[in-house]
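Heads up: the structure comes next, in structure tokens.
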Amino acid sequence: AEKRAQTMQDNTQFANLLNVSVTPMVYILSKEEYLITSIYYDSSEKSYEGFKALLEEKKENIDEMHKMIYQTKIGTPEEKMNAIDALFEATAPDNRIFLTDLLASAKKIDPNNKSGILGKLTLAAADSQAKKALNSGDFKTAVTTYLSVENEPSISPEDKQQSVYTAAYIAAVSELEENSVVIEYLQRAIDLAPDSEEVPAIKRVMDTLA
């Protein structure tokens with residue numbers, strides 16, 4: 001019974017990652033477990049030929065995504081970085097969470113940011129990691145992940161500010177931390193980009209919590 005309950009929990013979390021909104025739905029994943037596309041499989045297409053026809057409609061998109069995935073594995077570090085970025089942009093926002101490990105690999109591929117996009121991919125990796133944690137109810141890891149962005153030199157001060165603010169928001173809403181800690185996070189967010197247009201709004205939140 002315990003094993004069955006764990007399986008059900010794992011399946012529920014995976015369904016949440018897939019963002020299942022209607023059923024029956026077929027999800028096409030690569031061997032790397034990147035979510036490529038989905039197919040609504042309604043009751044009128046129960047035959048093999050009917051499903052094949054639905055799959056054929058997606059074939060061009062599926063083939064193109066597989067080519068893009070392959071490009072992330074070959075070439076120079078800069079070419080790999082550009083390929084990862086291209087795959088990220090081609091992937092629907094709700095599906096990017098499946099690219100978490102690939103996005104995180106950017107720091108090893110291009111540690112000196114010669115491509116100029118390390119910050120973008122590192123920020124995307126942190127966002128995906130935090131969302132995965134939130135999906136499983138792990139608020140502490142989500143907060144820690146967003147706070148870790150503060151120490152990434154390749155990420156802009158404004159993006160760091162937004163990440164630390166998001167950490168504060170999660171900590172407050174989940175009641176993970178006392179208001180005093182949340183206010184500390186908010187002050188850290190302000191200090192990262194004191195001249196940003198978000199600062200007045202952050203200060204208003206601080207006043208509400210004080």
TODO: Report whether or not Ser105 is under 20 Å from Glu32 (Cα atoms) and surrounded by 19 or more Cβ atoms within 10 Å (Cβ to Cβ).
DONE: no
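Here are some residues: Ala53, Ala83, Ala130. Which one is of a type in the set (A, V, I, L, M, F, W, C) and free of Cβ contacts under 8 Å to residues at least 12 places away in the same chain?
Details: Ala83 fails: free of Cβ contacts under 8 Å to residues at least 12 places away in the same chain; Ala130 fails: free of Cβ contacts under 8 Å to residues at least 12 places away in the same chain.
Of Ala53, Ala83, Ala130, the one residue that is of a type in the set (A, V, I, L, M, F, W, C) and free of Cβ contacts under 8 Å to residues at least 12 places away in the same chain is Ala53.
For the range 117-143, give me each residue that is of a type in the set (Val, Ile, Thr) and within 15 Å of the chain's Cα centre (by Cα).
Step one: of the range 117-143, the residues of a type in the set (Val, Ile, Thr) are 117, 122, 141, 143.
If the condition is that a residue be of a type in the set (Val, Ile, Thr) and within 15 Å of the chain's Cα centre (by Cα), then Thr122, Thr141, Val143 are the ones that fit.
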- [ ] Answer yes or no: is there a residue in the range 136-158 that is open to solvent by less than 30 Å² (accessible area, probe 1.4 Å) and over 30 Å from Lys114 (Cβ atoms).
- [x] yes
Task: Only one of Glu177, Glu197 that is farther than 30 Å from Asn95 by Cβ, in contact with a helix residue (DSSP H, G or I) (Cβ under 8 Å, 6 or more places away or on another chain) and not in a helix (DSSP H, G or I) - done: Glu177
Open item on the list: Given the criterion over 21 Å from Lys131 (Cβ atoms) and either modelled with pLDDT of 80 or more or not β-branched (Val, Ile, Thr) (or both), identify the matching residue among Asn19, Asn82.
Closed with: Asn82
- [ ] Would you mention how many residues in the range 133-160 are touching a residue at least 24 places away in the same chain (Cβ under 8 Å) and farther than 21 Å from Ala106 by Cβ?
- [x] 6
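Which is of a type in the set (S, T, N, Q) and open to solvent by 20 Å² or more (accessible area, probe 1.4 Å), of Thr100, Thr166? Before you say what the answer is, go through the steps one by one.
Values: Thr100 fails: open to solvent by 20 Å² or more (accessible area, probe 1.4 Å).
Going through Thr100, Thr166 in turn, just one is of a type in the set (S, T, N, Q) and open to solvent by 20 Å² or more (accessible area, probe 1.4 Å): Thr166.
The values are calculated or read from the model by the stated rules, or taken from the named source; none is laboratory data. These numbers come from a predicted model, not from an experiment. When we count neighbours, we look across all protein chains shown, and the Cβ atoms used for this are built from the backbone with ideal geometry, even at glycine. In case anyone asks, the SASA skips ligands and DNA or RNA and just uses the protein heavy atoms, side chains included. Shrake-Rupley method; radii C 1.70, N 1.55, O 1.52, S 1.80 Å.
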